[in-house]
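Comments concern the structure below.
The values are calculated or read from the model by the stated rules, or taken from the named source; none is laboratory data. Since we're looking at a predicted model, the values are computed, not measured. FYI the Cβ positions are ideal-geometry reconstructions off the backbone, even for glycines, and counts take in every protein chain you see.
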Amino acid sequence: MNRIPRTLLVGGVIVGVICILAALGPWIAPFEPDAFNMRARLQPPSTTYWFGTDEFGRDVFSRVLAGAHHSLLMGFGATIISLVIGVPLGLIAAFRRGWTEEAIMRGVDLMISIPPVLLGLLILAVTEPGLLKTMLAVGLVYVPIMTRVARAVGLDLLAEDFVEAARARGEGGFHILAREILPNAWPPLIVETSLRVTFAILLGSALSFLGLGPQPPDSEWGLMIAESRPFISEAPWIGLAPGLCLCLLLIAVNVVGEGLRDLLDPRLRGRGH
Amino acid sequence: MTSFLARRFASVIFVLWAMTVLVFAIVHVLPGSVAHMILGEFATTDAIAALEERLGLNQPLYVQYWTWFTGLLRGDFGMSLTMERPAGPVILEALGRSAILASISIVLVAILGIGLGIHSATHVGTWSDRGLTLMQYFFIAVPEFFWCILVIIFFAVWLGWLPATGYAPLHEAGFWRWAQHLILPVSTLVLGLIAHVSRLVRSSMLEAIESRYVLAARAKGIPERIVLRRHALPNALLPAITVLAVDVGILIGGIVVVESVFAFPGLGRMLIYAIDNQDIPLMMGGMIVITAIYALANLAADILYAVLNPRIRVSGSAG
Amino acid sequence: MSLLNIQGLSLSYATQRGAVHALQDVSLRIPRGGAMGLVGESGSGKSSVVLALLGLLGEGAALTSDKLDFDGKDLRQAAERLRGRRIGVVFQDPAAALNPSLTIGFQVAEPLIQHRGLAREAALARAESLLGEMGITRAAEVARAYPHQLSGGMKQRAVIATALACEPELLLLDEPTTALDVTVEAQILDLLEKLRHERGVSMLLVSHNLGIVDRLCDELTVLYAGRVVEQGPCAETLSTPRHPYTRGLLAALPRVDRGRMARLAPIPGGLPDLKQPTPGCNFQPRCPFAVEACATPQPLLDGVRCHRAAEIAGQPWPIPELGESVVRPVPEALLQAEGLTRSFGGGGLFNKRAGIRAVDGVSLQIGRGEVLGLVGESGCGKSTLGRLVLRLLGADSGRIDFDGKNIPAEASSEFRRRAQIVFQNPDSSLNPRQTVDEALRRPLTRFGIASGAKATREVERLLELVRLPASYRSRYPHQMSGGEKQRIGIARALASRPDFLVCDEAVSALDVSVQAAVLNLLTDLRDRLGVAYLFISHDIGVVAHIADRIAVMYRGAIVEEGPAAAVLAPPYHPYTEALLSAVPVVGAQSRAESRIRLKGDVSTAPGEGGCRFAHRCPRRMGNICDTLTPPVREFGTAHRIACHIPAEELAAMPSAMAV
């Protein structure tokens, strides 16, 4: 393996730190995230309240810490869902061809014709929103794209001669999939997955912002930003703090994605999405 | 080419129809009756029964679907539950206002995105190129709604230059006030997309510049700027069309958020309102309209692509 | 004064791992009206010379030169002004060199508009007539068309037209016919010869194909790993080569007129590392005549860079001995296929399209230990046939019997064990994530032949069989060269000890010197193990070296079949005749009258019914060829030709080989 690119290291470290902080959140937060303290409301950032307080006197820093895990779970969870459903579908479509492929790809085309946010809205509009449901909705939104990518990768690999060599040995479908296709498929799939995490976090927090994610008093970052709107002029820090943390997380994840791309397939560099 | 277009058209029809089924199914088939949803937890059975009768909800599902579907085809979106008015005109009005945002945005994204992408590709490695790449990273990582907040804090609250929310119709408030209300929403919509499009155009332009046929054109003694304009550019722009079509979808998503933040009375805001207030007809109607627009945008892109790409436009062999 | 004068050209590229010295002190001269061939294999740097002359090298290329003159002007400054105007270029792949979004007519007219200041209509009109001069019959139609609508040969004619538009004095050609079928290649070479004759244009022809260079060029420069190793008049250099590398190249060339009995002599070893050029002779590690003194710097003396050139002139180039015990083919049939048919692309949902018949009712027979060479150009269906025979692709109809037993569409494991395949492309035939050991072990475990320690010994035996060291077991494909990967592909196919092997263009993607080694290997293995081959190739010269029998295929059917020597000699099927006549052979003095040329190319569609070759056949007799299926005529031992031409006339044909 080549040396690990710097981008991967730097991004990975940042993401790792955020994950650790999110996991330890409840224990290391200086204050209770939903402890009201009306005497200390709308305080600017200070040494006691690192990110200031909100309209209920709650410590914004503690709330940000407590809410971190939502964004992480959203990003990674939703992506894993889309991976787990999308990749097998795509590989099956590549393998089977014929009617199965047609049916799967028509379904994919249909779902791609619906703008992502709309699909998310549709699914969440009619149920009680919450972290799990939002994660599921976002995951489902990205299933078609993963299916398409997995199918393209599968088709490319199936055209390689070494796969035909395996067929010439009479190898069964399972062996070909497991030993010939998958070991060569995972680099491009990993790269695609890492890109999806960014989008999943974005979509998830946007839906939460609109009120369709975790509900108050949870301190999901998108929700916090939404709740900060009435106080934008007096206490901008209530919205800025979670917003900047969200940006940091997204940049870090993006950088990790670029690093993975450099590591696993330099040819894809600069192709963006 | 005609068979290609015919297939695409059929596909659009299919998608729209399938969307009606999907929307209807999700709204009506999920647990909890619709009437219950509307009236809330403590409604009496009588009240529920009365509402169901009034809305025709006690009829079998396929009948309900058929009524709604045929209504759609006639242009009748049913009655808005919360506004006591036909849903159709409400949706159309909101659509008109969102269309302003959307069209200005798409034009800006196309011009600036393509322009910056080409500039970047022809000045690889310079400060402007590196700066652009850095900004792209940055813009892609900032969520739309946060942009809105930032931009409001900066321009509306601190500088007070522009209004934070609302909308003033053109004929009422005059051009400048109308434009003022549009500037912030449009800028937040376009920033991320410009980054995205310029990045793609840059790599597609680079690919064209590094191609064999550009080398061959240079070998013919054609000056560099003509080579770029006549040989590289057309081939580089073809993928841009496809990207712009996909971006319309992202734009739609952005519009929902942006309208919500800026209290801009467009289709997105209407949709959120409908969801929050369980206004079923408005919600379903809004979703269908948005999907239709997206499907049409994609169709337009496909047609444009087919017309501009000789490989699809002209088939068969010659000589 | 020479038209082109290059002295001391050196070129290096900066890469991540250090500077690569692609060209080292290259000098050559082309007089006005002269034609110089620049010959070398991959890695010789020959293509870089063309780019260097034009000033089109990319970033990171450092060029130094004592002289780089065109008509007295320094190309380092003047190239930009001369490109397209006084120097024209033809690149290798016409599909890539043409802009897919512009019409052919415009692309040919462009230099006229740019350099001659012609108005658009005038330029297009001139372009059209130019296309006609290049032998394109429907020039107006072609001028309005886009590149994707034209065949390969047509595209290359258009590219040549573009290069000649402003009547340049020098034409640079970089592998102009490599991407084309051999019959189309012959047409293009005819065209180039004619152009040289009529317009007196000078040429620099870069190619790895010595036969082409021999045909078109007066003088020859041989490049090895960036250095000129020999220079001189073409005919003389090729008939009496002096530098060991040139001699090696010629000894490694398969020649259609030598056939099975001549042994090919591969050049052992590989290219030197261009990042660290050796001060002494860079061919020394591979040279059979090398001595201590070769390590000193070798100057180019009297056109050859070898201090022993005169000494070794008399000594023959070493040719490897034939292996022991030649197992002779047994007449009984091992594989018998009848009426195999396969179509592609047929049927649509709404209007059923007739598909293309890639293989149309083909029957063939291969004896134990026999090599059947299957020859044909692109689109003839030979690769499809190879896969049908192995049941890797389903046949629409037909029957296959192997060793007396019928093989159904779902072939048994036993058949799979005994019938294997070797692929063309060494880069895609091996799983990049598997070591050599894993790749070779899998067939052993799959067929239950060996496992564990026994399998390890077997793997080592296989490596030895393909002449690779046992240490290669732990290597990954990206750590091996093309030739080595191909040998592993062969070893893998032989792992299950098959009786029958389909070699699908197994040597086509390799350099000449490596090709010779792999071809010898395949011949030896056949002799030692008694494996039967279906050896598929587009290169009849290669096939001539290994095949016992040859079958010639055209558009889905076998048009001629028989013992190798019989097929290569008259009587011929007209297609075979054209094929043999088209192959450029070194040292051949082909007389213009005796050359058989086909019109058009494989993509021109035949009519329904009748002989599928009729519309291109130079010996077409008349309506009967278009309407009636040609009868099969027999000549001698199992030599069959499907043609309407009466047997006596066929037997009276002159030899088509250009010797």
> Exactly one of (1) in contact with a Phe, Trp or Tyr (Cβ under 6 Å, 6 or more places away or on another chain); (2) modelled with pLDDT of 90 or more is unmet by A:A78. Its number?
Replying inline: (1)
>> Can you find a residue that is closer than 30 Å to B:F139 by Cα, surrounded by 20 or more Cβ atoms within 10 Å (Cβ to Cβ), in contact with a Lys or Arg (Cβ under 9 Å, 6 or more places away or on another chain) and not hydroxyl-bearing (S, T, Y) anywhere in segment A:116-138?
In response: yes
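Being of a type outside the set (D, E) and away from every other protein chain (no Cβ under 14 Å) narrows it down to one of C:I407, C:I400, so name that one.
None of the other options fit; the residue is C:I400.
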> Got a sec? Which strands (runs of 3 or more DSSP E) wholly within segment C:140-235 have at least 3 residues that are more than 26 Å from C:R81 (Cα to Cα) and over 19 Å from the mean Cα position of the chain (by Cα)?
Replying inline: C:219-224, C:227-233
> Is it the case that some residue within segment C:98-106 is on the phi > 0 side of the Ramachandran plot, free of Cβ contacts under 8 Å to residues at least 40 places away in the same chain and in contact with a Leu (Cβ under 8 Å, 6 or more places away or on another chain)?
Replying inline: no
>> Against the definition (within 14 Å of chain C (Cβ to nearest Cβ) and assigned to a loop (DSSP other than H, G, I, E, B)), how does B:I222 come out, yes or no?
In response: yes
> Out of all the residues in segment B:184-203, is one or more assigned to a helix (DSSP H, G or I), farther than 21 Å from B:I140 by Cα and touching a helix residue (DSSP H, G or I) at 6+ places or on another chain (Cβ under 8 Å)?
Replying inline: no
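Yes/no per residue for (1) farther than 18 Å from C:G361 by Cβ; (2) out of contact with any Asp or Glu (no Cβ under 6 Å at 6 or more places or on another chain):
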position: C:G610; (1), (2): no, no
position: C:H615; (1), (2): yes, yes
position: C:D626; (1), (2): yes, yes
position: C:V632; (1), (2): no, yes
position: C:A642; (1), (2): no, yes
position: C:P646; (1), (2): yes, yes
position: C:A652; (1), (2): yes, yes
position: C:S655; (1), (2): yes, yes
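Which helices (runs of 4 or more DSSP H) sit wholly inside segment B:58-156 and have at least 3 residues that are surrounded by fewer than 16 Cβ atoms within 10 Å (Cβ to Cβ)?
Because the criterion is at least 3 residues that are surrounded by fewer than 16 Cβ atoms within 10 Å (Cβ to Cβ), the helices (runs of 4 or more DSSP H) in segment B:58-156 that meet it are B:61-74, B:87-108, B:127-141.
Could you check segment C:419-439 and list, in sequence order, the residues that are part of a loop (DSSP other than H, G, I, E, B) and within 7 Å of chain A (Cβ to nearest Cβ)?
Result: C:F423, C:N425, C:S428, C:S429, C:L430, C:N431, C:P432, C:R433.
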>> If a residue must be modelled with pLDDT of 75 or more and either crowded, with 23+ Cβ neighbours inside 10 Å or under 20 Å from the mean Cα position of the chain (by Cα) (or both), how many such residues does segment C:597-611 contain?
In response: 3
> Is segment B:275-292 home to any residue that is at pLDDT 85 or above, assigned to a loop (DSSP other than H, G, I, E, B) and either more than 12 Å from chain C (Cβ to nearest Cβ) or surrounded by fewer than 23 Cβ atoms within 10 Å (Cβ to Cβ) (or both)?
Replying inline: no
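Look through C:E110, C:E128, C:E121 and report the one residue that is under 23 Å from C:D190 (Cα atoms) and either in a helix (DSSP H, G or I) or of a type in the set (K, R) (or both).
After applying the criteria, what remains is C:E128.
Would you check if there is a residue in segment A:110-117 being touching a residue at least 60 places away in the same chain (Cβ under 8 Å) and facing another protein chain (nearest Cβ under 7 Å)?
Scanning segment A:110-117 turns up at least one residue that is touching a residue at least 60 places away in the same chain (Cβ under 8 Å) and facing another protein chain (nearest Cβ under 7 Å).
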> What's the number of the condition C:F402 fails, among (1) within 26 Å of C:A642 (Cβ to Cβ); (2) among the aromatic types (F, W, Y); (3) modelled with pLDDT under 90?
Replying inline: (3)
> Inside segment A:15-52, can you point out the residues that are in contact with a strand residue (DSSP E or B) (Cβ under 6 Å, 6 or more places away or on another chain) and hydroxyl-bearing (S, T, Y)?
Replying inline: A:Y49
> Taking C:T183 and the conditions (1) within 30 Å of C:C380 (Cβ to Cβ); (2) within 13 Å of another protein chain (Cβ to nearest Cβ); (3) touching a residue at least 40 places away in the same chain (Cβ under 8 Å), which numbered condition does it fall short on, given that it satisfies the others?
Replying inline: (2)
> What about A:G213, is it within 13 Å of chain C (Cβ to nearest Cβ) and either touching a residue at least 12 places away in the same chain (Cβ under 8 Å) or out of contact with any Leu (no Cβ under 9 Å at 6 or more places or on another chain) (or both)?
Replying inline: no
>> With the requirement that a residue be modelled with pLDDT of 85 or more and of a type in the set (F, W, Y), what does segment B:117-146 give you?
In response: B:W127, B:F145, B:F146
> When you look at A:A23, is it among the hydrophobic types (A, V, I, L, M, F, W, C), closer than 21 Å to A:Q215 by Cβ and touching a residue at least 24 places away in the same chain (Cβ under 8 Å), yes or no?
Replying inline: no
> If you scan segment C:394-415, which residues turn out to be touching a residue at least 24 places away in the same chain (Cβ under 8 Å) and crowded, with 19+ Cβ neighbours inside 10 Å?
Replying inline: C:A395, C:I400, C:F402, C:F415
> On the given criteria, is A:L212 in contact with a His (Cβ under 6 Å, 6 or more places away or on another chain) and under 30 Å from B:I149 (Cα atoms)?
Replying inline: no
> Does A:F76 satisfy being among the aromatic types (F, W, Y) and without any contact (Cβ under 8 Å) to a residue 40 or more places away in the chain?
Replying inline: no
> If you scan segment C:503-533, which residues turn out to be out of contact with any Asp or Glu (no Cβ under 7 Å at 6 or more places or on another chain) and over 23 Å from C:D427 (Cβ atoms)?
Replying inline: C:T523, C:D524, C:R526, C:D527, C:R528, C:L529, C:G530
> Taking C:G448, is it closer than 14 Å to A:R169 by Cα and either within 14 Å of chain A (Cβ to nearest Cβ) or not charged (D, E, K, R) (or both)?
Replying inline: yes
> Out of segment A:233-249, which residues are more than 15 Å from A:F209 (Cα to Cα), surrounded by fewer than 21 Cβ atoms within 10 Å (Cβ to Cβ) and facing chain B (nearest Cβ under 8 Å)?
Replying inline: A:S233
> What number of residues within segment C:96-138 are among the acidic types (D, E) and at the interface with another protein chain (Cβ under 9 Å from one of its Cβ atoms)?
Replying inline: 1
>> If I filter segment B:136-145 down to residues being under 19 Å from B:I252 (Cβ atoms) and of a type in the set (F, W, Y), which single residue comes out as farthest from the other protein chains (Cβ to nearest Cβ)?
In response: B:F139
> For segment C:430-441, how many residues are crowded, with 20+ Cβ neighbours inside 10 Å and touching a Lys or Arg at 6+ places or on another chain (Cβ under 7 Å)?
Replying inline: 4
